[in-house]
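The values are calculated or read from the model by the stated rules, or taken from the named source; none is laboratory data. What you see is a predicted model, and the numbers here were worked out from it, not measured in a lab. Backbone-built Cβ (ideal geometry, glycine too); neighbour counts: all protein chains shown.
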Amino acid sequence: MHCGQSPRYIPGQDVWRARPHWGCVMIRHLPSPAPRSVLMPALMLAIAVFVPAPAPAQPAEEAALQARIVELAGRAQALADVSAIKKLQRIYGFYLDAGRWDEAASLFAKEGSLEIGDDGVFVGPRRIGAYLSARRGGDDRLVYGQLNIHMQLQPVIHVAADGRTARGRWRDFGLEGEYRHSASWGDGVYENEYVKEAGVWKIARLRLYTNFVAPYEGGWTKLKPAPADWSTPASRALGPDRPSSAETRPFPEVFVPPFHYAPGEEQ
Amino acid sequence: MRMIAAAMALTLSTLPIPAKAQERVETLRAQVAEYEALVARLEAQEAVENIQAAFGYYIDKGLWDRAAALFAADGSYEYGQGGVYIGTDRIRQALALTAPQGLAPGRLNETMQLQPYVSVAEDGRSAKARWRSIQMLTTAEGQGRWGAGLHENEYAVGVDGKWRITRLHGYVTFLSGYDKAWTADDYPMAGPSTTLPPDRPPTEVYQSLPGNYLPPYHYRNPVTGRSGELAR
């Protein structure tokens, strides 16, 4: 086994790390139930092995160093959490691409909710999956001729101090269509909430503030103000579990989706 | 002799242990410092990505006051050929040249902040970043526009621990009408405002498409080490 100066990491297997004065130490990397960042777990494990046995000669300094290591491990965990949440939201988008409504819905917590535009709130993975499917015709996959690209872009992620919950603002940039029938641009902003359950990040609340779905021909400048009820046929057919959480208005009206962070707290 | 031997024996039996412990503590101290610096740089990268993304969301909705508040007190803002504005108040006024605070019905100003390449300084106190921007716009006259551009920005952390934009430079790749392709219906960049003249003239004079000017890369090629100026 080669011990280099840099941590070597093989997902799901063992991590080897070089310790220049003590040779190589092998650390078992436990199988993770969730997709994880590669860098952060390796870094945290590397930090963890540096906690030494207490040395009587330097008790005060060693205790201080150990306190710094504990603090450092917490900060590394927060970075790993941000990475996991970004990946969670990105795979939500990749499942939408394929019309894998079941997979997209499985990313939600048991009591998780989803709310898009003026369509009201759908609660729990089963209802969320049914609603997402109904939005694109009711099939369990994207069918031949359908396009459903939803890019998940521009994240602003904040993890709570206790590391149990998080919030994220994202942009949804969409290209939708039915072959030889329709094509449209989609534009919206998410303000989502996430929860960590048994070490796995899940979507606790997804809120997409739809700004517009505009036909390719003519684009967004051709849009007229939406009626008072601008819910989609899918919502009207299924009936949401709860009414819309707050009134929102799409383009050409100007509506600012609320921010989960105050001015000055963006970072 | 016996005393010397006894002293040597004492030395051999006692000194190596504290020396070893001392060495171990020093190794540990160096390693902890190394990982603290690494974690701080990763945190800095997240902070920079958050504030630039937040800047984009404010620009989307014409929240010029909040966008300007993301800059350091002596920060600078430059967009296209509009020249350089210095200080948060001047930056807020410069941003408001394009549309009123909060926009107006029918105005669209979607300005995506994408594809960040963030370089945090070794000491973790400043950073540079290159970003791509794609825009979906509606002008005051109700015309649709596609826009594409780049940013080469600089950031620094203040004494309060908050990251701010110290220099924002937006470069226009193209601005085109919605109905025709970007190679068929291009709109040149506006020059410096006459109603709110900039504090300094444009730092780089160039033309958007059909010109194909690209700003220098702030980073060296990570594989070859070639400078970003030469690689252009």
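Just to verify a result, which residue in region B:18-48, among those that are at pLDDT below 95 and more than 7 Å from chain A (Cβ to nearest Cβ), is farthest from residue A:82 (Cα to Cα)?
Residue satisfying both the conditions and the ranking: B:19.
Counting only residues that are surrounded by 15 or more Cβ atoms within 10 Å (Cβ to Cβ) and within 14 Å of chain B (Cβ to nearest Cβ), which one in region A:216-242 is nearest to residue B:141 (Cα to Cα)?
Once the filter is applied, the top-ranked residue is A:221.
Surrounded by 13 or more Cβ atoms within 10 Å (Cβ to Cβ), more than 16 Å from residue B:81 (Cα to Cα) and polar (S, T, N, Q) - does that describe any residue in region B:219-229? Break it down into steps so the answer makes sense when it comes.
Restricting attention to region B:219-229, the residues satisfying the condition of being surrounded by 13 or more Cβ atoms within 10 Å (Cβ to Cβ) are B:219-220, B:227-228.
Then keep just the ones that are more than 16 Å from residue B:81 (Cα to Cα); that gives B:219-220, B:227-228.
The next check asks that each one be polar (S, T, N, Q); those that pass are B:227.
Yes: region B:219-229 contains one or more residues that are surrounded by 13 or more Cβ atoms within 10 Å (Cβ to Cβ), more than 16 Å from residue B:81 (Cα to Cα) and polar (S, T, N, Q).
Would you confirm whether any residue within region A:48-59 is out of contact with any strand residue (DSSP E or B) (no Cβ under 7 Å at 6 or more places or on another chain) and at pLDDT 95 or above?
The answer is no, given that none of the residues of region A:48-59 is out of contact with any strand residue (DSSP E or B) (no Cβ under 7 Å at 6 or more places or on another chain) and at pLDDT 95 or above.
Can you tell me which residue among A:96, A:114 is more than 14 Å from chain B (Cβ to nearest Cβ), under 28 Å from residue A:241 (Cα atoms) and in a strand (DSSP E or B)?
A:114
For residues that are out of contact with any His (no Cβ under 7 Å at 6 or more places or on another chain) and either within 14 Å of chain B (Cβ to nearest Cβ) or in a loop (DSSP other than H, G, I, E, B) (or both), tally how many sit in region A:159-182. Working first, answer last.
Start the filter on region A:159-182 by keeping residues that are out of contact with any His (no Cβ under 7 Å at 6 or more places or on another chain), which leaves A:159-165, A:168, A:170-171, A:173, A:175-182.
Then drop every residue that is not either within 14 Å of chain B (Cβ to nearest Cβ) or in a loop (DSSP other than H, G, I, E, B) (or both), which leaves A:159-164, A:168, A:170-171, A:173, A:175, A:179-181.
Here the count works out to 14.
Among the residues of region B:115-122, is there at least one that is within 23 Å of residue B:73 (Cα to Cα), without any contact (Cβ under 8 Å) to a residue 60 or more places away in the chain and of a type outside the set (Phe, Trp, Tyr)?
So the first thing to find is which residues in region B:115-122 are within 23 Å of residue B:73 (Cα to Cα), and the list is B:118-121.
Still in the list and also without any contact (Cβ under 8 Å) to a residue 60 or more places away in the chain: B:121.
In the following step, the residues that additionally are of a type outside the set (Phe, Trp, Tyr) were identified as B:121.
So far as region B:115-122 goes, yes, one or more of its residues are within 23 Å of residue B:73 (Cα to Cα), without any contact (Cβ under 8 Å) to a residue 60 or more places away in the chain and of a type outside the set (Phe, Trp, Tyr).
Being surrounded by 19 or more Cβ atoms within 10 Å (Cβ to Cβ), more than 8 Å from chain A (Cβ to nearest Cβ), within 18 Å of the chain's Cα centre (by Cα) and closer than 19 Å to residue B:133 by Cβ is the requirement here; does residue B:56 meet it? Let's see the steps before the verdict.
On the way: surrounded by 19 or more Cβ atoms within 10 Å (Cβ to Cβ): yes; more than 8 Å from chain A (Cβ to nearest Cβ): no; within 18 Å of the chain's Cα centre (by Cα): yes; closer than 19 Å to residue B:133 by Cβ: yes.
Against the criterion (surrounded by 19 or more Cβ atoms within 10 Å (Cβ to Cβ), more than 8 Å from chain A (Cβ to nearest Cβ), within 18 Å of the chain's Cα centre (by Cα) and closer than 19 Å to residue B:133 by Cβ), residue B:56 does not qualify.
What pairs come out if I take residues in region A:177-200 that are in contact (Cβ under 8 Å) with a residue 40 or more places away in the chain and surrounded by fewer than 14 Cβ atoms within 10 Å (Cβ to Cβ) and pair them with residues that are assigned to a strand (DSSP E or B) and small (Gly, Ala, Ser) whose C-beta lies under 9 Å away, six or more apart or interchain?
Close Cβ pairs (under 9 Å, with a partner that is assigned to a strand (DSSP E or B) and small (Gly, Ala, Ser)) amount to A:197/A:109.
Please state which one of A:219, A:239, A:199, A:264 is closer than 30 Å to residue B:157 by Cα and in the same structural domain as residue A:135 (by TED's automatic domain parsing).
On the way: A:219 fails: closer than 30 Å to residue B:157 by Cα; A:239 fails: closer than 30 Å to residue B:157 by Cα; A:199 fails: closer than 30 Å to residue B:157 by Cα.
Every option except A:264 fails the conditions.
Yes/no per residue for (1) in contact (Cβ under 8 Å) with a residue 40 or more places away in the chain; (2) away from every other protein chain (no Cβ under 14 Å):
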{"site": "B:68", "(1), (2)": "no, no"}
{"site": "B:71", "(1), (2)": "yes, no"}
{"site": "B:78", "(1), (2)": "yes, yes"}
{"site": "B:88", "(1), (2)": "no, no"}
{"site": "B:92", "(1), (2)": "no, no"}
{"site": "B:95", "(1), (2)": "no, yes"}
{"site": "B:101", "(1), (2)": "no, no"}
{"site": "B:108", "(1), (2)": "no, no"}
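Of A:128, A:85, A:91, A:116, which residue is surrounded by fewer than 22 Cβ atoms within 10 Å (Cβ to Cβ), touching a residue at least 24 places away in the same chain (Cβ under 8 Å) and among the hydrophobic types (A, V, I, L, M, F, W, C)? First the steps, then the outcome.
Working: A:128 fails: surrounded by fewer than 22 Cβ atoms within 10 Å (Cβ to Cβ); A:85 fails: surrounded by fewer than 22 Cβ atoms within 10 Å (Cβ to Cβ); A:116 fails: surrounded by fewer than 22 Cβ atoms within 10 Å (Cβ to Cβ).
Answer to the check: A:91.
Taking the condition outside any strand (DSSP E or B), within 22 Å of the chain's Cα centre (by Cα), crowded, with 16+ Cβ neighbours inside 10 Å and in the same structural domain as residue A:181 (by TED's automatic domain parsing), does residue A:259 pass? Outline the logic, then answer.
On the way: outside any strand (DSSP E or B): yes; within 22 Å of the chain's Cα centre (by Cα): yes; crowded, with 16+ Cβ neighbours inside 10 Å: yes; in the same structural domain as residue A:181 (by TED's automatic domain parsing): yes.
So residue A:259 passes the test.
For the condition outside any strand (DSSP E or B), within 30 Å of residue A:174 (Cα to Cα) and of a type in the set (Val, Ile, Thr), what is the one hit in B:224, B:183, B:173? It would help to see each step written out before you state the result.
Details: B:224 fails: within 30 Å of residue A:174 (Cα to Cα); B:173 fails: outside any strand (DSSP E or B).
Within the list B:224, B:183, B:173, the selection yields B:183.
Within region A:243-267, can you find the residues that are within 10 Å of another protein chain (Cβ to nearest Cβ), of a type in the set (Val, Ile, Thr) and touching a residue at least 60 places away in the same chain (Cβ under 8 Å)?
Once the filter is applied, which keeps residues that are within 10 Å of another protein chain (Cβ to nearest Cβ), of a type in the set (Val, Ile, Thr) and touching a residue at least 60 places away in the same chain (Cβ under 8 Å), region A:243-267 yields nothing.
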